[in-house]
Each structure stands twice: as C-alpha cells, then as structure tokens.
Amino acid sequence: MAVGVIDGTSEDIFNTLMSLDPLRSEWDFCFYKGSVVEHLDGHTDIINVQLYSDWLPWGMNRRDLLLRRYWRREEDGTYVILCHSVYHKKCPPRRGYVRACVKSGGYVVTPVSKGKQSLVKHMVAIDWRSWNLYMRPSSSRSITIRVVERLAALREMFKAKQGQGFAEFVSGEFLETKPCLSKVNIRPLITEAKRVDLELVKADEMEKPSSARHSLMDLNDVSDEFFDVPEPSELDSLIDNSPFSQGHSQLKIPSPAGIVKKLQDLANNKKGYMDLQEVGMDDKSTFFYGATLQKDPNFTMPCSWATADPSTFLIRGENYLKDRQKVKANDTLMQMIGADWISSDKREDNLGGRIGGLVQEYAAKDGPEFFFIVNMQVPGSAMYSLALYYMLKTPLEEHPLLESFVNGDDAYRNSRFKLIPHISKGSWIVKQSVGKKACLVGQALEVRYTRGKNYLELDVDVGSSTVARGVTNLVLGYLTNLVIEMAFLIQANTENELPELLLGTCRLNYLDVSKSVQER
C-alpha cells in the first residue's frame, strides 16, 4: 500500500485513473493498458490487463489479470475504485500468460485542503501464482515499490501540469506519455509505504480469519457468467510453474460444502463463549421467529445483535431541498426488538406471517403494535436469511410517510426504501467495498413485499444483483471479523416530508454462518 498527497482535485485524479480510449474499450491499469471485456452497469465492468516484465518480480514470466472493477463517489467527494479477480466465460486464460489473482486492490481518493489537494491511497494484494515466490521474500516488497512508483508518478504528473488545462492533460499527453520513474522523487512515499505496509501486516494478523477466505457462494452455478476467484491452496501455487501444468487453463475450485465444513470445524473449536442458539435445541424443536439471533447490548458477544447509534448515519435535513445538506440522525421511529439468522436450502419469505413467531404472538393479542421486517436473503452454499424486526408502538396513521409506504404499491415502495450501511470494524478492503452511501434498495435488488394484519415484510434478494453478490461474497469471507451497522428509512422527497427520520438501526457483531439456525 502507498499513500501520498497530490496537488489535484479528487475529481481530476479520478478522471485520470479512469481514463479510457474514445470507444471505452481500454483502461490504464497502473499505466498499462487493459481491455474492457464487458460493461455490467454504469459503475461496474470486467477488464483484462496484461503485465510485462518491468511490472513483475525479477525473473517472472508474463502475467495477465481478469478483474471486476467498480467505482463510486462518496458524499464528501471521495472517489473509490476497487478491483478483484474473477472468472469470465468471455475471457479464458491467454496463451503464453499465467493468470495472476488480485485478492483486492484499487484507489481511494479523498479531498483535503478544501478540495485543492487529494490524499490518494493505492493498495494491491496479489497472488502471482508462482511457487518459487515462497523462496523469495523480497517479492512482496517488489510489488510495494511498484505501487509506490505509480503513485509517485501520478503526483509528479499533476505537479508538472499545474497551470495547464486538465482536458489537454487527460486527452492527449497522459495517454501517450509514461513518466520516467527514474527521475521521480519517491523517497517520501516509500517511507510512508513502508509504515503503512507494516500496519497492514499487523492488521492482517488480527483481522484475517484463520480458515481460508474462500467464497461461500455456489461457484458452480451455471447461470453465472463469472464468479470470484478463490484464495489459492498450496497445491494451486505449486501447479503454476510445474512442468505438468501445460494446458492447465482453469484453477481448481473448492466445493462450497468443503468450505462450509471448514468453517463449522473452526466454529466448534472456538473458546470463550457459549452459543445460545445451540442450547436446548433438538430435532423436534421449532424456533421462535424473531429471536433466533441473540441480543447483546454490551457489544461483547460474538454472533449477536444490538441497536446502532443513530448519529452514525446522515439523513436529509429540514432544508435539504434548498441547501442539499445532510445532518446526523438523532433518533429512530421504531424500536428494534428481535432478529433472525437462518440458513435453508431455499428462499425463506414471509417470516412475519409464520405461526409461533414474534409478530404472530402480538397479532393474537390484537394489540396496536405494528411491525416492519427487513429480511436480507444472502446466497451462499445455503440461503442465509438475516431478518431484522422493528416495532412501532404508536398508531400507523400518525406517521403519514410510513403509512403511505406501507399501503402503497411496489413501485412506490421501490422508489422510497433506503438502506445506509456502515462497517464499523473490519478490514480496509471490506470497508471500502461496502461504503457508507445510502442506497435505494428496490432500485438495485429484487424486493418482495408482504402486507400482513400487523406487519409489512420486505424480503430482499441480494442474489438478484451481480454487483451485490460480489460485495456480499467478499463480506461473507470476513464475516466473523466484522461489525456491521445498518439504518433503514423512507426517503423524503418533498418539503412537508422533511426532515427524514430513521425507521431503525442495527448493529451485527461478528456473525458466523456456521451459527445460523437451520430451517427444518
């Protein structure tokens, strides 16, 4: 990882890093051209990059990369570009190249000095698929120096172009001229990179799961055009330069069942806490929907839930339509009263309508309480359901915006329901992948709405979006090392609907897929 301050706006640096040819078919990856295989949407594509000897560790043959790249702009002006390796049927491994694997990488460009300068972080974690690198510890420093050089060249490029039109800078000379790195002063950046590199090593030791961080998604799903590259095993690495590897065109894919078994074995060896979901359950027991995930308001117990601080999240203020300013939330409309963490061999919809659950218990009493349930359905080796239960104690009619949402049609609901994510504890790459930007869930994912007597349930199919599946796949690999916070709200579009008010928040502490309660 390299970090440096560049004399340029975050937008100009982002445009430079994303410079494409006129046909939008080539992209400059660390000043080496890569071809765009496919545009998935306005913020995601698949690119193929060829790397030559001057970018590779000494003595290594040619490598190429097949990357899924996605980018976004945060509300504070920060730009994020992230990449990680995938397989794609349109771009099999090239002849004469060994396909390397980028585990994570990209840029974070944050405005500083009132937007006149930018703090740029460039990080690459790469597996070259070469067994002999294990005998050369200097190889990891080699890639660090290359990353530092690229960032230093970017800094010098902007310094040299001060006072000239940025359009001229991007459209012509930038695409044709590569800076002479031997003349670039990279010593300050190297010092900073060494410091950050050491910090990352320490962070990895604390945050990295002790089991392999494989994908929990069904990697053999024939409906997928591409899927995430798994972490290499020692056998995969040895195959790379083996004399028997000729014609080896696809890496070995571990079975999802094997991955889950490893995670379960790891969970059984954990010490220091008791899993309450396993206590008192037998094959004949049924579970109480709304209470399969335990509550821990002290934030100390793994695999538990609590409410998050509303001030963590930004919402539209009273004058948003005039000044476009967001403010910190200070309260929630509803109270979170329960959560489910369930695994099944199929999609589990309408948990609120199931007999023996929390919602139906209240319905039987004919009380005034109204429930709002968000059921996040995550595809993996099983279908995981994370259901969050919120209760409104006052009559629904007293809250016009919520009442309109509850009784509206699906198109209206899809245009208004927002989720704000936040990874409060976790690795750098996961935090950058998830971000903090509010999302209109129904515009990005398939949502099924179920209106019951005293509840509305939103069943959100995370697997309905390729991009969402990719991010979720990454998150699942780190799940036991993450604290995830979320907030939900109905978007306010008119002056009389402002200011916005959070429906509810949640905090999920170190979830574990092996601790999910299996639906029978």
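General observations
- Arranged from fewest to most other beta-carbon atoms within 10 Å of their beta carbon, CYS439, CYS506 become CYS439, CYS506.
- With 21 Å as the limit on Cα-Cα distance, the pairs of LYS116/LYS159; LYS159/LYS436; LYS346/LYS418; LYS295/LYS515 that go past it are LYS159/LYS436; LYS346/LYS418.
- Descending Cα extents along the principal axes, the stretch 290-518, whole Å: 46, 44, 35
- Given R0 = 22 Å, the distance between the Cβ atoms of GLU38 and GLU74 translates into a calculated FRET efficiency of 0.30.
- Rounded to 5, percent antiparallel among DSSP beta bridges of the stretch 290-518: 80 percent
- Solvent-free Debye calculation, one equal scatterer per alpha-carbon of the stretch 294-338: log10 I(q)/I(0) at 0.16, 0.33 Å⁻¹ equals -0.57, -1.12.
- In this structure, no residue pair taken from LYS114/LYS161; LYS393/LYS453; LYS328/LYS431 has a Cα-Cα separation over 22 Å.
A short reminder: the numbers here are calculations on the coordinates, not readings from a lab. The structure presented is a predicted model; accordingly, all values stated were derived computationally and were not measured. Note that we place each Cβ from the backbone using ideal geometry, even for glycine, and neighbour counts take in every protein chain shown.
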